[in-house]
2 protein chains.
Amino acid sequence: MIKPRSRRGGGRPTIADVARKAGVGAITVSRALREPERVSEELRRQIQAAVDELGYVPDPNARALASARAEVFGVLVPSLTNNVFAEVVRGIYDSLSDSPFRIQLGNTHYSGLEEERLLQLFGSQRPAALIVAGIDQTPTSRKLLENAGCPVVQVMETGPDPVDMMVGFSHFDGGRTATEHLIEAGYRRIGFIGARMDPRSQRRLAGYRAAMEKAGLFDPRLVTTTPVLSSVPLGRELFRDALAKMPTLDGVFCNNDDIALGVLFECHRAAIDVPKTIGIVGFNDLDMMQVAFPSITSIRTYRYEIGRRAVAMALAAIAGDRPQERVVDLGFELKRRESTAR
Amino acid sequence: MIKPRSRRGGGRPTIADVARKAGVGAITVSRALREPERVSEELRRQIQAAVDELGYVPDPNARALASARAEVFGVLVPSLTNNVFAEVVRGIYDSLSDSPFRIQLGNTHYSGLEEERLLQLFGSQRPAALIVAGIDQTPTSRKLLENAGCPVVQVMETGPDPVDMMVGFSHFDGGRTATEHLIEAGYRRIGFIGARMDPRSQRRLAGYRAAMEKAGLFDPRLVTTTPVLSSVPLGRELFRDALAKMPTLDGVFCNNDDIALGVLFECHRAAIDVPKTIGIVGFNDLDMMQVAFPSITSIRTYRYEIGRRAVAMALAAIAGDRPQERVVDLGFELKRRESTAR
DNA sequence: CAACGTTATGGTAGCGCTACCATTTTTCTG
DNA sequence: CAGAAAAATGGTAGCGCTACCATAACGTTG
């Protein structure tokens, strides 16, 4: 005695229901949905009609189980609220919104351990691709990525040794360019102010240092950093610390735009003239930089584009034609503004 | 002739492998993992040992298929980059990071149609709960939510008619409070400046209008809005428009803090004294408001807490004890600062 | 100590879909 | 137009897990 309808399923239509209604086999329905070109025009129409009428939506779980491959992109970022990563994530979402792929987003909180845990978890879902922020994975994470059995894109940075593919730019060069600009503009006692010194920030600092040393201007007391999460108020505080430590400061390269904005506000408050007394350069070029008063020089980065490109590369790899160049450098651009126009 | 190992699976260990190694039945392993208290201490230990040794990770797809219920929270927000929603999402992620639940995040781009499409998609995964931003779903979306067969939490706002549960605050009251504060501070020609006039913004505007009308100060020419996405540069432009339209303006209630910041910068640029000539109030109280110069009065909202609370309520409902109060109002707080200290 | 819960474990039968292969139909050769 | 290749369709057998029920091993009770 067989019950006609499953006791467990919520009564939603299955592929078998569609097949019955369309008068074809279940496999043909499956094919019509996934590779329509392999099914005759006529059947395709019949099947589509049955799908529409029943309101059939394939169960992604069953699909993943049967095909040993989920239509999921795993995405790992260190922060959800940092505008920079939010932009990357937005690029990824926009690029994938018309595809069958879902997105599994993980927040590592800048922690290598968290990253390992999430990678382990994501791996269990056999994702179609993995996109991870940064290039400094722990050895464990790196192994996990190498054995993921799917395309992997490391984003935000470029480096010499991709797990698979990379899209980003050189933070070292960014930091150096920003600092050189300050030097060229005539600033000499140029400080570095940075919060949340993740590997990318470290490389910007290294770029700053390289430029300063080359010009014979480097002094370790010019560097002010903290592991605390970056924010505008923190930028203000760090600037005050920097100024207390080094009252002759005449410029700052800020690790990011939040910090730069905090510095600008403190200058207003303390009646420090920008750019005459202090020059300010930010990093990322959030849109508020160009309307700030004075407008703030910053290193423009292409976060949204990084997300889009990462998806494009992963999609190409899934489709079988891995891009020629596995490391894509999207570069950056120095936006000169009033804050350094001495 | 049976092949000992599946030809399809990637050779990852399955529950059967664990069961064999631990010398128990597969079901017992399944139980030991999901409801450990129903398995004897001894077996539990053996099973855990086998799990660790094999590096077994349960396949969430198989699990979802077999139990007709995925351990997934569906989360729908209108924007990924708007700091406000990013904070809510962060609260959700943080609350769920130690649970077995995954998160399926969808970006509706402020579009009802997109929301319907995503709800349809998410529904096909039989999520454990749904969290959606806003209370103005289309009839179709509302029906989808009602038939989702899982707890539903509408967040960001409160209203009279929850699909299931709600966590948020009253945007109308927020708008009214902000405006009343300006009036009390002595401002009279108070403008409203808003971008991306989604339903929440509309209600803030309604609150503004109510306060203005009550004081006999309302004038439609004081209202400047645009459907364009909000940003700091846009705030600047809208303020210029508003001022051109109404040169006697002496205060502005900004729909959000980005706009307020744009207004502040324009005031600096045009040498308009804040708060003497113009008073400014923002909405949301991003952390930069308190360090801006002058610091900006804003309506503090509890975005992160909304995310946490929504998850807590959903989790309670899943566990069987639906909270008594299905609509939770987390309120807001007016933060008085220099920008309105006339 | 028989009769009855109660608790711990296991077996069977799917969940809804697709990989793999078999079969049928159509289209192309020479 | 026979014969072969190609295209279109279908059947079977799982994917890895858990719901459901059955069974076994324990107490409890009168």
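Structure above, values below:
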quantity	calculated
Two-decimal ratio, the range B:193-330, of alpha-carbon radius of gyration to 2.2 N^0.38 Å	1.25
Rounded percent of accessible protein surface that carbon and sulfur make up, the range A:24-90, 1.4 Å probe	48
Reachable aspartates and glutamates from residue B:245, criterion Cα separation under 17 angstrom, eight or more residues apart if same chain	B:219, B:237, B:266
Built amide H within the under 5 Å cut-off of residue B:223, gap 5+	B:192
Exposure rank, largest accessible area first [A:197, B:165; 1.4 Å]	A:197, B:165
R0 of 41 Å, Cβ-Cβ distance residue B:287-residue B:111: FRET efficiency to nearest 0.05	0.90
Highest-fluctuation residue, A:209, A:44, A:236 considered, GNM on chain A with Cα pairs under 10 Å	A:44
Solvent-accessible area lost in complex, 30 Å² minimum, residues of the range B:280-321 relative to chain alone, 1.4 Å	B:287, B:288, B:291, B:293
Per residue, the convex hull volume that the Cα atoms of the range A:15-58 enclose (Å³)	55
Span-like helix ranges in chain B, DSSP H, alpha carbon extent 15 angstrom or more, Kyte mean at least 0.5	B:83-96, B:303-318
Carbon + sulfur, % of accessible area of the range A:191-342 - ligands and nucleic acids excluded, 1.4 Å	49
List of the range B:31-70 residues, accessible area with partners at least 10 Å² below that of the chain alone (1.4 Å probe)	B:57, B:59, B:60, B:61, B:62, B:64, B:65, B:66, B:68
Highest-fluctuation residue, B:100, B:162, B:199 considered, GNM on chain B with Cα pairs under 10 Å	B:100
Charge sum, other residues only, whose C-beta stays under 9 Å from residue A:288's C-beta, Lys/Arg counted +1 and Asp/Glu -1	-3
Ratio Rg/Rh, restricted to chain B and using Cα atoms, in which Rh is the Kirkwood radius	1.14
Accessible surface, 1.4 Å probe, highest first, among residues B:218, A:85	B:218, A:85
Sequence of B:177, A:224, A:248 from largest to smallest accessible area, 1.4 Å probe	A:248, B:177, A:224
For residue A:38, label point 7 Å along C-beta direction: distances to other copies, nm	4.0
Accessible surface, the protein assembly as shown, averaged per residue in Å² (probe 1.4 Å)	43
Binned Cα-Cα distance frequencies in the protein assembly as shown - 10 Å width, integer %	3, 14, 21, 23, 19, 11, 6, 2, 0, 0
Residue-averaged beta-carbon neighbours from other chains (10 angstrom radius) around A:263-273	2
Share antiparallel - DSSP beta bridges, chain B, percent rounded to 5	10
Where a label projected 7 Å from the Cα of residue A:229 along Cα→Cβ would reach, residues of the range A:90-127 with amide N under 13 Å	A:107-111
List of the range B:195-239 residues, accessible area with partners at least 50 Å² below that of the chain alone (1.4 Å probe)	B:233
Accessible surface buried once A binds B (1.4 Å probe; total of both sides; Å²)	4800
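The values are calculated or read from the model by the stated rules, or taken from the named source; none is laboratory data. As the structure is a prediction and not an experimental result, all values here were calculated from the model. Backbone-built Cβ (ideal geometry, glycine too); neighbour counts: all protein chains shown. For the accessible areas, the whole protein counts, side chains as well, though only heavy atoms, and no ligand, DNA or RNA atoms are used. Shrake-Rupley method; radii C 1.70, N 1.55, O 1.52, S 1.80 Å.
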